[in-house]
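Structure record follows, encoded as structure tokens.
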Amino acid sequence: MLRKLYKHEFIALYRILLPLYAVLFGLSGLLKLLSLFDTSKFAVSLIFNLISTLTIILAIGLMFAGFVLVIVNFYKSLLGKQGYLTFSLPFKASAHIICKLICGVISMITGVLAEILALFIILYDNSFIKNLLSELKCSFIALKNHFGLGKFILISAEILFIIIFSLCANLLMFFASMSLGQLFKNKILGSVVSYFGIYAAIQIIGIIFAIVLAATSGEDIFSDSSVSLFALSQGFIIYILVIEIIEGAAFFFTSNHFLSKKLNLE
Amino acid sequence: MEKILECNGLTKKYGNNLALNNLNLSVSKGRIVGLLGPNGSGKTTFIKLITGLLTPTFGDIAIDGMPIGVDTKKIVSYLPDHNFLAPWRSVKGMLDYFADFYADFDRSRAEQMLTSLNIDLKSKIKTLSKGNQEKVSLILTMSRRAKLYVLDEPIAAVDPATRDYILRTILTNYDSDATIIISTHLISDIETILNDVIMINTGNLVVADSVENIKEYTGKTIDEYFREVFRC
């Protein structure tokens, strides 16, 4: 049953995203095709520049489209009139939040992958792929030699986790803002006010936390030569991950509480 | 008679506003119940509590002996007083949606009713007229083989012909052991189909009894009695 919740969430998101990806790929293919012609000719150059501009606008738009779409879909399907049906489905509010979070993160990742693929289409030729592979290989060897294979894999995994957790925490912050904002008479304005309220609260808590951490950490670890760069980076990464997880959990429980106990549909 | 719905001390407050005050009532299985009251009496709040869209401030509700939750949502078919259909979906898409989430959804019955109304399954919801959107909502709701149907103002703001269609659809599409709770203030239109009546006013229970008993001890029709109780 839960699988079907995800299926319908993906349908809701990708009915808009897939056509956008298709247009991006189409424009990229067209650019590639035009690049085979003599672009010094006025007509070819004009079309080439026009399509380049369109592609860049679409590519930039796509970076935000996924995020905006997830938020709009959350609002409409849970807090708008469709919420009457969504909350009548045999699921807890938490299932809806988790589903929208996971599908949202996946849709943003596919957006990035679509942009990379579009770039490949534009730049593709044998030498490009060969150069890219050789550059990637060199970078990989250099990083591996510097950190060692184990540490290299560890740092790569940690960076990946930071990106995903940060994405989750950001989306959950929007979800929490909307879940709080629905309590206001003007729900959209309430959501915006809630967002800035939460943002301000996080900044204040973050500053207090950093001051307390600095005051209690004793000696200045940055000037301690016995602490390696790797150990420093690990401490920093763990700090960020812990913060993201705490924030994400707080936003999740806030959203879940207000959608379960204080739902205020139109 | 076995009970489908039981409320004990059911109270709902919105801030300092008391929307429902200590409601104690039960509804038997297989009955058609009119939930009657003027605007702002607490009917929709009561319905939202039954369907799990709101949680009570105090008191309990049980449906088929279960507290409100995922299990009760499986057996309650709810028609809100708002259009809940996703405008971008097709009628077929809405059928898929209901079929995916409700094990008791009778798709062939829904398709049959839609076809009889000449509603194209490929049509997008947003392209349908308001009347047809309401009919699609009703058909989806009544095509579930639910134990409890909760219909919030199903005949408000529709023309008389559509009103007849809605009432006919309700009466011909529920199992005899299922219960229907219909919220309305258009009493004369539904009085003949009701078995029981729950009247509430400003969150307080006025009466919860069978139509037969109310007629007997008041000597009035339900519509007349309602007008007397809620006279401005």
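What to note about this one:
- Residue within segment A:100-119 that is assigned to a loop (DSSP other than H, G, I, E, B) and either within 25 Å of A:Ala59 (Cβ to Cβ) or open to solvent by less than 60 Å² (accessible area, probe 1.4 Å) (or both) present: no
- Scanning segment A:1-36 for residues that are open to solvent by 40 Å² or more (accessible area, probe 1.4 Å) and in contact with a Phe, Trp or Tyr (Cβ under 8 Å, 6 or more places away or on another chain) yields a count of 6.
- Flag for A:Ile207 being surrounded by fewer than 14 Cβ atoms within 10 Å (Cβ to Cβ), under 30 Å from A:Lys262 (Cβ atoms) and modelled with pLDDT under 90: yes
- From B:Asp189, B:Asp164, residue being without any contact (Cβ under 8 Å) to a residue 12 or more places away in the chain and open to solvent by 10 Å² or more (accessible area, probe 1.4 Å): B:Asp164
- Every residue from segment A:73-93 that is within 12 Å of chain B (Cβ to nearest Cβ) and open to solvent by 30 Å² or more (accessible area, probe 1.4 Å): A:Lys76, A:Lys81, A:Gln82, A:Lys92
- Of the strands (runs of 3 or more DSSP E) lying entirely inside segment B:1-108, the ones with 1 or more residues being within 14 Å of chain A (Cβ to nearest Cβ) and aromatic (Phe, Trp, Tyr) are found at B:3-14, B:58-63, B:76-79.
- For segment B:109-161, the set of residues classified as open to solvent by 70 Å² or more (accessible area, probe 1.4 Å), farther than 29 Å from B:Gly52 by Cα and in a loop (DSSP other than H, G, I, E, B) consists of B:Asn118, B:Asp120, B:Lys122, B:Asp159, listed by residue number.
The values are calculated or read from the model by the stated rules, or taken from the named source; none is laboratory data. Just so you know, these numbers come straight off a predicted model, no measurement behind them. Note that each Cβ is placed from the backbone with ideal geometry, even for glycine, and that neighbours are counted across all protein chains shown. Ligands, DNA and RNA are stripped out before the accessible areas are found, and what is left, the full protein with its side chains, is counted by its heavy atoms. Shrake-Rupley method; radii C 1.70, N 1.55, O 1.52, S 1.80 Å.
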